[in-house]
Structures are given as structure tokens and as C-alpha cells.
Amino acid sequence: MSLLFVLLAFAIAIFFIARPVSFRLPPGLPFLGGREITLDYVFGSVLGVLIILIAGVLTPGQAFSSLVGRPGFSPFTIIVLFMAVAYIAISLDSTGFFEYLALRIVLRSGGDGRKLFFYFYFLSGFITLFTSNDIVILTLTPIIFYFGKHAKIRVLPYLVAEFFAANIWSMCLYVGNPTNIIAASASGIGIIEYSAWMLFPTIAAGLTCLALLYLVFSKSVSIRFVIPKDIDPKHFLKDRRCAYVTFGTFCLTLATLFVSPLLGLEMWVVALFFALALFTYDAAIAFDEYSKEHLTYFRVFKHYVHRQATKIYEFRLHFIADHIPWKIIPFLFCSFIMVEALVVAGVTDAAATLITALSFNVFAATISMGFLSAFTANLVNNQPMTVLFTKITESSQFALPASTKLASIFSLIIGSNLGANITLIGALAGIMWIKILRDKDQHINYRSFAKLGLIVTPLVLLVACVTLAIEFFLFG
């Protein structure tokens, strides 16, 4: 009976991931009258947790313990690490740095649609390496629309290339996706070890996907176009000094994260330190700008903050606050609780037994785990899936040799990233992307995307898993 309640909770959560419900409150209500309310994936996951608690599948104490975690694997530290890196990346985005790069790429294409297709694909992958797929989608999608509108070209191939690249190259580095952090931290995989194993599978998957997408869209992108005369990348770089400071902080953060195991530092502590330092800088500049406008005789930061004469700071902190993925915090917490309910219901042990039977060698282990995780992500979303499959790998029934087990964990990470390219509900990035497209009156429905995803992604997934298996066969 407990399993039925858990499945019901997941079904409700999945429904609100795929189909958010919006309605407007009656105007006569106090405070909230007339406001539009959206019940989305956060509401669905919270409702799912309430069902689990009310049904008695978990006690409040068990739910709390699932959030506290254990030494080496704490949901709290995972979220802090991701949000800290997200703040730094979004702060850099707010300076116009990524827009500047994108528009420089447009100019470099020289009006060649094929070059632009390749350039946008690799630019998306490059930015994703150091930020996250969410930031790429938020940043580049409007730029592609802006350019397509003025150049009068069909933007869908470039949008799809951007989206697929963001979800593939995000698996290369530890901080590229919350799912990477969840699986790697639970297994005690360090940031250097992670990159060493995931570099070549990412490159193989990325190049395979590029070739397949080009075959699909070759007729659409084999065109010449006129570059709009009003494009000047320098106009989008809002503040050079701030961009330099933020970019330097970003590089220093990544470098310190890589050497943090050697220094005996927790990665979440490193990321939080640099995020707080950058926030202090951002807030100081914002306050200085505010004081010049509103506090004529108050110049606290006058001699300490040097910047160009610009009004960007009047809204920059608002930009950062609006673009930080706050909703991921309650969503992830609820995901950990719901997966704990599956553990209590015995699902993880049964799944561990099945996957162990399929993993009779390193090639079978990587391919079976990769495909199972990727397609399961499209049933429950990739973040809850990663939490669930991580629990499966920790089960006593997951009886594999150490090397094969490690290969399975990396294959799980591959599946959690590439699963987002099968259907639009495979990851929150897909839900966000389709919303941006609809707001821009660009029509691509779930069925059309799934048709493309099923043509391209299985082969890309196979190439990535086989590349990983070869690595473990040779060096594991």
C-alpha cells in the first residue's frame, strides 16, 4: 500500500512538471486579489511530499534525516555549491559578457548560416562547461531570437543546436549540472577524478550530436544571410571593469575548486566564499550608484569602487535575483524526501538487483545504466531520477566490482544529462526552454521535440557510454 502512495506522489509531481496550472484570483480578495497564480513543479513536489507524510510512508523524522544526509553526501551542501556557482555565473552574465561573446560569433560567421550553426553549437557548449545548461538557455535563447528576427532567418535549427549542446557539454565538469554534483558527491568522486573520466565521453557525445543535428538541419542552415547593421557587440558589454572583475572571480573559483581536494577544503565552502565576495562587490557598486542618485551627501564607497559611468547597477542586482534558479531549492529537497520514500518501500533494492543482473561486464554496465537512467529521467525528471539511481547504487543489492560500479555511476551521470535531449520533460531546462519559445511565438511542441530527440539522442548516448566503457576497460 505504501508503494501506491509513493507512486501517486510521483505522478502528481510529474503532472505539474509537464503541465503547470495557472489561474487568476478573484479581484476582491485582500492582498492577493487579481494576481495570477501558477502551480508548477515546486507545488507538485511539495504536494507529493505531503501525500507521503500524511499516508505515513515516512515519518517527519525520516524526511528530515533524508535532507541532513550523511558525511560526504549532504543535500544541503549540494544545493549551496550549485547556487553559489550559479550566482557567480549569473553575475558575469549580467555584465553582458555572454551576449558580447555571442554577437562576436555572429560577426565572425560572415553571413554564412552553416558557420553560424557550428559557432552557436560550440559557444553553447563552451559556456555550459563553466556555468550550467540553465544559464546558457536563459542567455543565448533571446540572442538567437534577436538575431533571427533582424536577419530574417529560421531560428529553430540554431535553438535546437543550442539546447542539445547545453545538455551534452554540461556533463564534462563537476559543477555543470546539479545531477553531476548529486551522483559524484554521494560516491566520493573528486572534481579532478570526475573530469578525467568524463572529458572524452563528453567530447565524443558532443561531436556525434553535432554531426547528427547538421544532417537533420542541413537544408535549413545552408544559407547566406545579411548581418544586421545595428549589431555592435561592444554595446552589450555593459561595464568592462565589472566584467573583468567578475570573469576573474569566476576563473579563480573554478581553479580553486579543482585544487580544493589538495588543500583539504570542502568545495561548497570554496564556492560560497567566492560567491559572497562577489556579492559584496556587486552590492557595494549598487549602493554607490544608489547613493549618487538618492543620497547626495553620502559617498561611502566613492574611493573604493571604480567603474565606468553607467546606470547598469540600478537593475543589475535585480537581474541576478530574477535569474537565480531559486525554485530548485525546494524542488531538490522534496526530491530527496520522495526518493527516500521509494527506499523505504523497497523499490531501490529491487531495482539494484535488476541492474546488477544486466551489468555482467563493464560494457553492459555502462550501456544499461546509461539508457535506463536517461529514459527514467523522462518519466520523473532528471534530478529526482539521479537521486533515486544514486540510492540504487548504494544498495547492498548493487553487487558489482568496484571498477564496474564506478563506471555505472559515471554512466548514470551521462544519462542524467543526455536524458534532457529525449523529451522536454527530461529536465527542468526543457520546461524553461519551451516557455521562452512560446513567449517568443516560436512553435515546437512536445511531440515534435520527442521525435527529434529519439532520432538523435540514443546514438549520442550509445557513443558516450561506449567511450566511457573503453576508458574503464583500458584504465579501470
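Find all pairs meeting these conditions: Cβ atoms under 8 angstrom apart; at least six residues apart or on different chains; first residue within segment 256-284 and crowded, with 16+ Cβ neighbours inside 10 Å; second residue of a type in the set (Asp, Glu).
That search, which allows pairs on different chains as well, returns SER260/GLU266.
Report yes if ALA63 is of a type in the set (A, V, I, L, M, F, W, C), at pLDDT 80 or above, in the same structural domain as VAL343 (by TED's automatic domain parsing) and assigned to a helix (DSSP H, G or I), otherwise no. Show your work before the answer.
Working: of a type in the set (A, V, I, L, M, F, W, C): yes; at pLDDT 80 or above: yes; in the same structural domain as VAL343 (by TED's automatic domain parsing): no; assigned to a helix (DSSP H, G or I): yes.
Criteria not met by ALA63.
Out of (1) closer than 26 Å to PRO178 by Cα; (2) touching a residue at least 12 places away in the same chain (Cβ under 8 Å), the odd one out for GLN442 is which?
GLN442 satisfies every listed condition except (1).
Residues of segment 93-133 being under 16 Å from ALA243 (Cα atoms) and not in a helix (DSSP H, G or I), which ones?
THR95, GLY96, THR131
Provide a single number: the residues in segment 194-213 that are surrounded by fewer than 18 Cβ atoms within 10 Å (Cβ to Cβ) and not hydrophobic (A, V, I, L, M, F, W, C).
1
Scan segment 147-154 and give yes if some residue there is touching an Asp or Glu at 6+ places or on another chain (Cβ under 8 Å), over 18 Å from PHE250 (Cβ atoms) and in contact (Cβ under 8 Å) with a residue 60 or more places away in the chain, otherwise no.
Within segment 147-154, the first condition is being touching an Asp or Glu at 6+ places or on another chain (Cβ under 8 Å), and the residues that meet it are 150.
With the extra rule that they be over 18 Å from PHE250 (Cβ atoms), the set shrinks to 150.
The next check asks that each one be in contact (Cβ under 8 Å) with a residue 60 or more places away in the chain; those that pass are 150.
Yes, segment 147-154 has at least one match.
Read through the list (1) farther than 30 Å from PRO157 by Cα; (2) in a helix (DSSP H, G or I); (3) among the aliphatic types (A, V, I, L, M); (4) at pLDDT 85 or above, then give the number of the only condition that ILE90 fails.
Here ILE90 clears every test but (1).
Search segment 360-395 for residues being of a type in the set (Ser, Thr, Tyr) and closer than 19 Å to PRO458 by Cβ, and hand back the single one that is modelled with the lowest pLDDT. So that I can check it myself, show each step before the final result.
So in segment 360-395, the residues of a type in the set (Ser, Thr, Tyr) come out as 366, 368, 373, 376, 386, 390, 393, 395.
Cutting the leftovers down to closer than 19 Å to PRO458 by Cβ gives us 366, 368, 373, 376.
Working: THR366: 97, SER368: 96, SER373: 95, THR376: 92.
Looking at residues that are of a type in the set (Ser, Thr, Tyr) and closer than 19 Å to PRO458 by Cβ, I get THR376.
Confirm whether PHE10 is in contact with a Leu (Cβ under 9 Å, 6 or more places away or on another chain) and assigned by TED's automatic domain parsing to the domain that holds ASN382. Talk me through it step by step, then tell me what you get.
Values: in contact with a Leu (Cβ under 9 Å, 6 or more places away or on another chain): yes; assigned by TED's automatic domain parsing to the domain that holds ASN382: no.
Spelling it out, it is not the case that PHE10 is in contact with a Leu (Cβ under 9 Å, 6 or more places away or on another chain) and assigned by TED's automatic domain parsing to the domain that holds ASN382.
Please determine, by comparing only the residues of segment 162-201 that are outside any helix (DSSP H, G or I) and in contact with a Gly (Cβ under 8 Å, 6 or more places away or on another chain), which one is farthest from LEU265 (Cα to Cα).
Here is the first cut: in segment 162-201, the ones outside any helix (DSSP H, G or I) are 170-173, 177, 187-190.
After this cut, where a residue has to be in contact with a Gly (Cβ under 8 Å, 6 or more places away or on another chain) as well, the list is 170, 188.
Numbers: SER170: 24, GLY188: 14 Å.
My answer is SER170.
Could you pull out the residue among ILE191, ILE168, ILE231 that is under 13 Å from ILE414 (Cα atoms), crowded, with 16+ Cβ neighbours inside 10 Å and assigned by TED's automatic domain parsing to the domain that holds GLY426?
Details: ILE191 fails: under 13 Å from ILE414 (Cα atoms); ILE231 fails: under 13 Å from ILE414 (Cα atoms).
Criteria check complete, one pass: ILE168.
Quick check: anything in segment 246-263 out of contact with any helix residue (DSSP H, G or I) (no Cβ under 9 Å at 6 or more places or on another chain) and either modelled with pLDDT of 80 or more or more than 30 Å from LYS149 (Cβ to Cβ) (or both)?
Filtering segment 246-263 down to residues out of contact with any helix residue (DSSP H, G or I) (no Cβ under 9 Å at 6 or more places or on another chain) leaves 248, 255.
With the extra rule that they be either modelled with pLDDT of 80 or more or more than 30 Å from LYS149 (Cβ to Cβ) (or both), the set shrinks to 248, 255.
Looking for residues that are out of contact with any helix residue (DSSP H, G or I) (no Cβ under 9 Å at 6 or more places or on another chain) and either modelled with pLDDT of 80 or more or more than 30 Å from LYS149 (Cβ to Cβ) (or both), one finds at least one in segment 246-263, hence yes.
Residues to consider are PHE410, PHE398, PHE475, PHE449; find the one that is modelled with pLDDT of 95 or more and not aliphatic (A, V, I, L, M). Show your work before the answer.
Numbers: PHE398 fails: modelled with pLDDT of 95 or more; PHE475 fails: modelled with pLDDT of 95 or more; PHE449 fails: modelled with pLDDT of 95 or more.
Exactly one residue qualifies, and that residue is PHE410.
Name the one entry in GLY148, GLY125, GLY113 that is in contact with a strand residue (DSSP E or B) (Cβ under 9 Å, 6 or more places away or on another chain) and not aliphatic (A, V, I, L, M). Don't jump to the end; show me each part of the working.
Working: GLY148 fails: in contact with a strand residue (DSSP E or B) (Cβ under 9 Å, 6 or more places away or on another chain); GLY125 fails: in contact with a strand residue (DSSP E or B) (Cβ under 9 Å, 6 or more places away or on another chain).
Sole residue among the options that is in contact with a strand residue (DSSP E or B) (Cβ under 9 Å, 6 or more places away or on another chain) and not aliphatic (A, V, I, L, M): GLY113.
Filter segment 147-161 for residues that are part of a helix (DSSP H, G or I) and not hydrophobic (A, V, I, L, M, F, W, C); which is surrounded by the fewest Cβ atoms within 10 Å (Cβ to Cβ)?
Looking only at segment 147-161, we keep the residues that are part of a helix (DSSP H, G or I), and these are 147-151, 156-161.
From the residues that got through so far, the ones that are not hydrophobic (A, V, I, L, M, F, W, C) too are 148-150, 157-158.
Numbers: GLY148: 18, LYS149: 12, HIS150: 15, PRO157: 23, TYR158: 27.
In this case the residue turns out to be LYS149.
The values are calculated or read from the model by the stated rules, or taken from the named source; none is laboratory data. Because the structure is a prediction, the values reported are computed rather than measured. Note that we place each Cβ from the backbone using ideal geometry, even for glycine, and neighbour counts take in every protein chain shown.
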